[in-house]
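Report on the structure given below.
Here, each number is a calculation from the coordinates, and none is a lab measurement. Just so it is clear, the model here is predicted, and its values are computed rather than measured. In this analysis, Cβ positions are derived from the backbone assuming ideal geometry, glycine residues included, and neighbour counts consider all displayed protein chains.
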Amino acid sequence: MEFTVAVFIGIVIVFGFVKKVPVFDTFLQGAKGGFEIVYNIAPTIIGIIVAVTMLKSSGAMELLCNLVSPLAQKLGFPAEIVPMAVLRPVSGSGSTALLNQVYSDFGPDSLAGRVASVMAGSTETTFYAVSLYFGSVGIKNIRNTLYAGLFADFTALVFAVLTVRLMY
């Protein structure tokens with residue numbers, strides 16, 4: 001098991017020599033392409049990080065959560081997961097930190113902990129994914145992708161609550 005990667009690399013090199021492929025030159029071309037991709041997506045990643053930081057620091061995230069919480073409670077959503085539901089489409093690491101906070105405050109076996117767990121596994125960082133993938137290939141018009149992604153996230157949130165309530 002320890003040598004799996006080394007064996008795989010060895011097989012690739014041997015196969016390249018057998019097929020008379022310039023292995024090192026091909027590797028360098030791939031590495032150069034990787035750096036070009038990083039160069040192209042770096043502004044997008046920096047923009048997302050700045051936007052998330054601004055949302056948290058300005059208090060806009062807390063204001064949005066306070067606006068959504070009463071409606072969420074009336075619909076049967078645990079109020080404790082509202083911050084995570086709001087942050088999840090924007091930031092994976094931020095929502096993971098909130099997931100850990102839900103675990104420490106309420107426990108992983110609580111309603112909030114279970115819903116947050118299901119939600120973490122069934123939703124996507126939609127804004128990040130759309131901006132990263134579309135930005136890396138130069139697409140400026142995202143059309144309905146963002147709306148579809150956010151609708152999918154909302155649907156996953158609703159079904160996370162329903163599933164946990166039905167199962168436990």
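Go through the residues of the stretch 22-44 one by one and say whether even a single one is among the charged types (D, E, K, R), out of contact with any helix residue (DSSP H, G or I) (no Cβ under 7 Å at 6 or more places or on another chain) and within 30 Å of Val164 (Cβ to Cβ).
Checked against the condition, which is being among the charged types (D, E, K, R), out of contact with any helix residue (DSSP H, G or I) (no Cβ under 7 Å at 6 or more places or on another chain) and within 30 Å of Val164 (Cβ to Cβ), the stretch 22-44 yields no hits at all.
Would you mind finding the one in Glu36, Glu2 that is assigned to a loop (DSSP other than H, G, I, E, B), exposed (fewer than 12 other Cβ atoms within 10 Å of the Cβ) and out of contact with any Leu (no Cβ under 9 Å at 6 or more places or on another chain)?
Glu2 is the lone residue from the list that is assigned to a loop (DSSP other than H, G, I, E, B), exposed (fewer than 12 other Cβ atoms within 10 Å of the Cβ) and out of contact with any Leu (no Cβ under 9 Å at 6 or more places or on another chain).
Is it the case that Ser69 is surrounded by 12 or more Cβ atoms within 10 Å (Cβ to Cβ), hydroxyl-bearing (Ser, Thr, Tyr) and not in a loop (DSSP other than H, G, I, E, B)?
Considered against the rule, which asks whether it is surrounded by 12 or more Cβ atoms within 10 Å (Cβ to Cβ), hydroxyl-bearing (Ser, Thr, Tyr) and not in a loop (DSSP other than H, G, I, E, B), Ser69 comes out as yes.
Are any of the residues in the stretch 75-82 touching a Lys or Arg at 6+ places or on another chain (Cβ under 8 Å), more than 29 Å from Glu36 (Cβ to Cβ) and surrounded by fewer than 19 Cβ atoms within 10 Å (Cβ to Cβ)? Outline the logic, then answer.
Going through the stretch 75-82, the residues touching a Lys or Arg at 6+ places or on another chain (Cβ under 8 Å) turn out to be 76.
Those still in the list that are more than 29 Å from Glu36 (Cβ to Cβ) too: 76.
Subset that is surrounded by fewer than 19 Cβ atoms within 10 Å (Cβ to Cβ): 76.
Yes.
Would you be able to tell me the number of residues in the stretch 19-53 that are within 18 Å of Thr126 (Cα to Cα) and either of a type outside the set (Val, Ile, Thr) or touching a residue at least 60 places away in the same chain (Cβ under 8 Å) (or both)?
Residues flagged as within 18 Å of Thr126 (Cα to Cα) and either of a type outside the set (Val, Ile, Thr) or touching a residue at least 60 places away in the same chain (Cβ under 8 Å) (or both) within the stretch 19-53 amount to 8.
Restricting to the stretch 135-158, give me the number of residues that are in contact with a helix residue (DSSP H, G or I) (Cβ under 7 Å, 6 or more places away or on another chain) and of a type outside the set (Val, Ile, Thr).
So the count comes out to 8.
Only one of (1) in a helix (DSSP H, G or I); (2) polar (S, T, N, Q); (3) within 27 Å of Ile37 (Cβ to Cβ) fails for Asn141. Which number is that?
Condition not satisfied by Asn141: (1).
Are any of the residues in the stretch 19-26 surrounded by 11 or more Cβ atoms within 10 Å (Cβ to Cβ), part of a helix (DSSP H, G or I) and not β-branched (Val, Ile, Thr)?
Scanning the stretch 19-26 turns up no residue that is surrounded by 11 or more Cβ atoms within 10 Å (Cβ to Cβ), part of a helix (DSSP H, G or I) and not β-branched (Val, Ile, Thr).
So which residues in the stretch 129-168 are buried (at least 19 other Cβ atoms within 10 Å of the Cβ) and among the hydroxyl-bearing types (Ser, Thr, Tyr), if there are any at all?
Once the filter is applied, which keeps residues that are buried (at least 19 other Cβ atoms within 10 Å of the Cβ) and among the hydroxyl-bearing types (Ser, Thr, Tyr), the stretch 129-168 yields only Ser131.
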